[in-house]
1. Name the single residue, out of those in segment 150-177 being touching a residue at least 60 places away in the same chain (Cβ under 8 Å) and of a type outside the set (Val, Ile, Thr), that is nearest to Trp71 (Cα to Cα).
2. Test Gln66 against the criterion of being over 16 Å from the mean Cα position of the chain (by Cα), modelled with pLDDT under 80 and crowded, with 19+ Cβ neighbours inside 10 Å, and give yes or no.
3. Going by what's in this entry, would Glu44 be described as surrounded by 13 or more Cβ atoms within 10 Å (Cβ to Cβ), at pLDDT 85 or above, under 18 Å from the mean Cα position of the chain (by Cα) and under 13 Å from Ile88 (Cβ atoms)?
4. In this structure, does Ala183 turn out to be modelled with pLDDT of 90 or more, more than 30 Å from Gln66 (Cα to Cα) and either in contact with a Pro (Cβ under 7 Å, 6 or more places away or on another chain) or of a type in the set (Gly, Ala, Ser) (or both)?
5. Quickly run through segment 152-173 and pick out the residues that are under 21 Å from Asp31 (Cβ atoms) and surrounded by fewer than 15 Cβ atoms within 10 Å (Cβ to Cβ).
6. Ala98 - would you say it is outside any loop (DSSP other than H, G, I, E, B) and at pLDDT below 80?
7. Can you tell me which residue in segment 120-137 is nearest to Lys177 (Cα to Cα), limited to those that are at pLDDT 90 or above and surrounded by 15 or more Cβ atoms within 10 Å (Cβ to Cβ)?
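The values are calculated or read from the model by the stated rules, or taken from the named source; none is laboratory data. Source: prediction; values computed, not measured. Neighbour counts run over all protein chains shown; Cβ positions are idealised from the backbone, glycine included.
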Amino acid sequence: MKSRITVSNLLADWSSGNTSARDELMPLVYDELRKLARHFMATERDGHSLQATALVNEAYLHLVDQTRVHWQGRAHFFALASQIMRHILVDYARNRGAQKRGGKAQRISLDEAMIVSSEKSPDLIVLDEALSRLGEIDPRKCRVVEMRFFGGLNFDEIAEVQGVSKATVERDWTSAKAWLYRAVAATGKGLFE
């Protein structure tokens, strides 16, 4: 628990313009960022050229580049980190698909508890596009999915970041999963069949 207090204190100091607090933060959050990155990479195909360490380093570079963020605490930091990792992986998948003539985007498997089904491996780009459409309709539900699936945050942590009750987050999660299932199924990709 002491590290969470320290992380929150360092984030508050960083928000106040103390760049040395930002530098002290990395050793405290690196293991958790790496765990998050390993979770992402475990769903990728074998032989994937992007490694968890590279994903952490790339995400951290984006995080330290944040100058206008008023950090609300540990959960807020990891919510933003998960969003950044999502975008890095999607950009990587798009670039990889563009490099191959007729190449397909990378496929990832989603844990049944996280989205809808683990029987087929949904296309990360199709999922990202559906999630972006959800964000246009209901930004809060989109952020819940990002924080839960991509960030590994629990319902209490998401509620803290969102400033809503845990019950609201749970309802948003259930509704978002159903919406994403329908949106992805409507693409005709047969991802969840």
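1. Within segment 150-177, the subset touching a residue at least 60 places away in the same chain (Cβ under 8 Å) is 150-153, 157-158, 160-161, 177.
Restricting the remaining residues to those that are of a type outside the set (Val, Ile, Thr) gives 150-153, 157, 160, 177.
Details: Phe150: 19, Gly151: 16, Gly152: 18, Leu153: 16, Glu157: 14, Glu160: 12, Lys177: 28 Å.
If we take residues in segment 150-177 being touching a residue at least 60 places away in the same chain (Cβ under 8 Å) and of a type outside the set (Val, Ile, Thr), then Glu160 is nearest to Trp71 (Cα to Cα).
2. Values: over 16 Å from the mean Cα position of the chain (by Cα): yes; modelled with pLDDT under 80: yes; crowded, with 19+ Cβ neighbours inside 10 Å: no.
So Gln66 fails the test.
3. Numbers: surrounded by 13 or more Cβ atoms within 10 Å (Cβ to Cβ): yes; at pLDDT 85 or above: no; under 18 Å from the mean Cα position of the chain (by Cα): yes; under 13 Å from Ile88 (Cβ atoms): yes.
No; evaluated as a whole, the condition is false for this residue.
4. Working: modelled with pLDDT of 90 or more: no; more than 30 Å from Gln66 (Cα to Cα): yes; either in contact with a Pro (Cβ under 7 Å, 6 or more places away or on another chain) or of a type in the set (Gly, Ala, Ser) (or both): yes.
No, not satisfied.
5. Those that are under 21 Å from Asp31 (Cβ atoms) and surrounded by fewer than 15 Cβ atoms within 10 Å (Cβ to Cβ): Asn154, Asp156.
6. Numbers: outside any loop (DSSP other than H, G, I, E, B): yes; at pLDDT below 80: yes.
Yes; evaluated as a whole, the condition is true for this residue.
7. Going through the qualifying residues, I end up with Leu134.
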